[in-house]
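Visitor: Before I ask anything, let me first share the structure, which is written out below as structure tokens.
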Amino acid sequence: MSEAHDITAAPPPCALPRGRVVQEFARLAADADTVAGLRRHLCEAIAALGFDHVLLQDASGAVWLADMPAAWQPAAEARSDAVLAAAQLSFAPFLWSQIERIANLSESQQDFLAQAVAAGIGAGITVPIHRPRGGKIGGPIPLAGLCSFLMKNGRLLPLETLAAAHYIGALAFDAAEALKRAEPAAIRPGMPRLTPRQNDCVVLVAQGKSDWEIGRLLGISESTVHKHIEDAKRRFKVSTRIQLVVRSLADARLSFQDAIG
Amino acid sequence: MLEVVTRENKHLYTEQLEQMFRLRHRLFVDSMKWEELRKPDGREIDQFDNDEAVYLLLIEDGEVLGSHRLLPTTGPHLFSEIFPEMCEQKGRQTGPRIYELNRTGTDPLLPRDRQLQGMRLLLVGLLEFCQGAGIEKLTLLTPLHTLYHCLMAGVKVEPLGLPKKIDEERQAAVAFVTDETSLANVRDYFHLQESIVRYHHAPGAESSVYRIPPLAPHAVAAE
């Protein structure tokens, strides 16, 4: 249609988050110890919410996790990625029908969207994920990543589950980032690896927190915290908590920034 | 209501067609600045406004608020005569059950919310019309933002070429698959379940469903 009107109806108000799907995914994502495992949990969660495809990217546009049609291809260069361009300009989740209103798209960015449609992608919503970096109070909170929830061409976006998608996108990003941080260990054979949950516990141990405090902070029981830390010690073959923290710092699994909070 | 106007019943709609030509001039020339369409009499009318064209007029209280023009792809249409380069990826799609959609829009003088409501009715009515008429696909040129609104509404879309700049705006050639799913999706999306398309072939006649001819007339003549 060759006119310039906006024909988006106001979407109906989002229902309450699909709590059970979100809770279940939060639990599985925190315990996933491989990207493949996280991807499987993410695919199951988005299918339960009614989405067809999902794409998790970092702030440079690199694809971390994807369940996309075979014909779909990521942008050849980050600057052609129209969705990334819009995510850089938006704190709130946005519909793909709003991308042109958010970002002034270049020709290659428009082509990228047209190619996504040609690959069978229809409606979509993207959750931009912003995380503070560098620990500076009052500093900018930059884009850290983005998670897109997509429909096959000719399928309606499940508008009532958008709020749940917002949670899932952020949870998936944090879990994937924790796995990425653990990656140097994975590529050096013989080095032990920690699950994201074990990693969380070690960070808090480094900050001098007790098992009880860690349990309160992570929303898990004191005995579960104790078990995570004991597992981590076994993986590192160390016998004390101080040795655990020192080994984690030495392997760059834990940054000094993490340790000083 | 969205009224179907064809060569068979256009004598009933002389006044409304006149309103449509003036509306199109306000929209495409005065508002969107397609200067090559400017006419001294303020009626936007071209060589495709002939007996082959099918119009869908959005009429409320006798006033035309918006319109579509559909052209059979078995005869001359915009993709064959004006923009042949736009479908370079998938090729031009033609056939007796494929029509080209162009000159779509609502009156720019209407308040914004009535224009939006008009566009919703035009889209839902268009898909209802195609279902009834036996049209399987519509080919059209569209700016990306409009395309994305249609995708949001659940219309199944096949791109035919990459976007290209026409009159300062990048537009892409696409085909809408006008099947039952597309119609059901847009009805759900816009909460417009009731039938809004009307076809009157005689004054005071009951509304009936318009069917496209099995083959467009000139295709029959060519055989």
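Coordinate-derived values only; no laboratory data. No experiment lies behind these values; they were computed from the predicted model shown. We place every Cβ from the backbone using ideal geometry, glycine too, and count neighbours over all the protein chains shown.
Visitor: Around residue B:53, which amide H atoms from residues at least 5 apart in sequence, or from another chain, sit under 5 Å from its own amide H, with H modelled in the peptide plane?
Guide: Residues meeting the criterion, in which the H sits 1.01 Å from N, do not exist here.
Visitor: Right, next: Nothing charged except the Cβ atoms of Lys and Arg (+1) and of Asp and Glu (-1): what's the magnitude of the dipole of the protein assembly as shown about its Cα centre? Round to the nearest 20 debye.
Guide: Once rounded to the nearest 20, the dipole reads 2560 debye.
Visitor: Could you order peptides A:235-246, A:95-106 by the average number of other Cβ atoms within 10 Å of their residues, highest first?
Guide: A:95-106, A:235-246
Visitor: Related question: Partner chain Cβ atoms within 10 Å, averaged over the residues of A:108-119 - can you pull that number for me?
Guide: Per residue, the number of nearby Cβ atoms from other chains is 5 on average.
Visitor: Separate question: Put one equal scatterer on each alpha carbon of the range A:80-151, apply the Debye formula with no solvent term, and list log10 I(q)/I(0) at q = 0.21, 0.22 1/Å to two decimals.
Guide: Listed by q, the Debye log ratios stand at -0.87, -0.93.
Visitor: A follow-up question, please. To the nearest whole percent, what portion of all C-alpha pairs in the range A:24-181 is separated by more than 23 angstrom?
Guide: 33
Visitor: Starting at the first residue of the range B:175-190, write each ³J(HN,Hα) from the Karplus equation 6.51 cos²θ - 1.76 cosθ + 1.60 with θ = phi - 60°, in whole Hz, x for Gly and Pro.
Guide: Using θ = phi - 60°, the values come out as 10, 8, 7, 9, 9, 4, 5, 4, 5, 4, 4, 5, 5, 5, 5, 9 Hz.
Visitor: Local charge sum around residue A:116 (other residues, Cβ-Cβ under 12 Å, Lys/Arg +1, Asp/Glu -1)?
Guide: -1
Visitor: Once phi is turned into θ = phi - 60°, what whole-Hz ³J(HN,Hα) does the Karplus curve with 6.51, -1.76 and 1.60 give for every residue of the range A:146-151, x standing for Gly and Pro?
Guide: 8, 10, 10, 10, 10, 10
Visitor: Among B:74, B:178, rank each residue by its count of other Cβ atoms within 10 Å, from fewest to most, as a rough exposure measure.
Guide: B:74, B:178
Visitor: Can you sort B:12, A:89, B:57 from fewest to most other Cβ atoms within 10 Å of each residue's own Cβ?
Guide: A:89, B:12, B:57
Visitor: What do the square roots of 5 times the Cα gyration tensor eigenvalues come to for the range A:157-247, in whole Å, largest first, as semi-axes of the equivalent ellipsoid?
Guide: Those come to 29, 18, 9 Å.
Visitor: Same structure again: Using packing as a proxy for protection, rank A:115-127, A:63-75, A:27-39 so that the peptide with the highest average count of other Cβ atoms within 10 Å comes first.
Guide: The peptides rank, most packed first, as A:115-127, A:27-39, A:63-75.
Visitor: Compute, for chain B, the length of the dipole vector about the Cα centre, with Cβ point charges of +1 (Lys, Arg) and -1 (Asp, Glu) only. Units Debye, rounded to 20.
Guide: 380
Visitor: Still on this structure: Give me the mean projected area, in nm² to one decimal, of the convex hull enclosing the Cα positions of the range B:90-139.
Guide: If you wrap the Cα atoms of the range B:90-139 in a convex hull and average its projections, you get 4.3 nm².
Visitor: Also, I was wondering about something else. Tally Lys/Arg at +1 and Asp/Glu at -1 over every other residue whose Cβ is under 12 Å from the Cβ of residue A:24; what's the total?
Guide: The answer is +1.
Visitor: Can you find, among B:91, B:21, B:79, the residue farthest towards the positive end of the dipole of the range B:1-109? Put +1 on the C-beta of Lys and Arg, -1 on that of Asp and Glu.
Guide: B:91
Visitor: Can I ask one more? Hull surface divided by four, with the convex hull built on the Cα atoms of the range A:43-86: how many nm²?
Guide: Average projection, Cα convex hull of the range A:43-86: 3.5 nm².
Visitor: Moving on to the next point. Suppose we look only past 22 Å in the calculated P(r) of the range A:34-125. What percent of the Cα-Cα pairs does that tail hold?
Guide: Pairs farther apart than 22 Å: 26 percent.
Visitor: Rounded if a/c is under 1.5, else prolate if a/b is larger than b/c, else oblate: which is the protein assembly as shown, with a ≥ b ≥ c the root eigenvalues of its Cα gyration tensor?
Guide: In terms of gyration-tensor shape, prolate.
Visitor: Fewest to most neighbouring Cβ within 10 Å: what's the order for A:53, B:201?
Guide: B:201, A:53
Visitor: Give the residue from A:128, A:182, A:192 lying farthest towards the positive end of the charge dipole for the range A:104-223; charges sit on Cβ (+1 for Lys and Arg, -1 for Asp and Glu) and the dipole is referred to the Cα centre.
Guide: Sorting the options by dipole projection puts first A:192.
Visitor: List the relative contact order of chain B as a percent without decimals, with contacts defined as Cα pairs under 8 Å and 6+ residues apart.
Guide: The normalised contact order for chain B reaches 22 percent.
Visitor: Using only atoms on other chains, find how many Cβ atoms lie within 10 Å of each Cβ of peptide A:120-126 and report the average.
Guide: That average works out to 4.
Visitor: Rg and Dmax in Å for chain B, alpha carbons only: what are they?
Guide: Rg, Dmax (Cα atoms, Å): 16.5, 49.
Visitor: Would you mind calculating the relative contact order of the range B:71-145 from Cα pairs under 8 angstrom and at least 6 residues apart, reporting the percent as a whole number?
Guide: This gives 35 percent for the range B:71-145.
Visitor: Can you check what the net charge comes to around residue A:38, using other residues whose Cβ is under 12 Å from the Cβ of residue A:38 (Lys, Arg +1; Asp, Glu -1)?
Guide: Within the 12 Å Cβ shell, the charges total -3.
Visitor: Hey, can you rank B:81-92, B:22-33, A:153-164 by average C-beta count inside 10 Å, highest first?
Guide: A:153-164, B:22-33, B:81-92
Visitor: Related question: For the range B:99-223, report the % of Cα-Cα distances exceeding 27 Å.
Guide: 26
Visitor: Given Cα positions, please report Rg to Rh for the range B:1-80, the hydrodynamic radius being the Kirkwood one.
Guide: Using only Cα positions, Rg/Rh for the range B:1-80 is 0.96.
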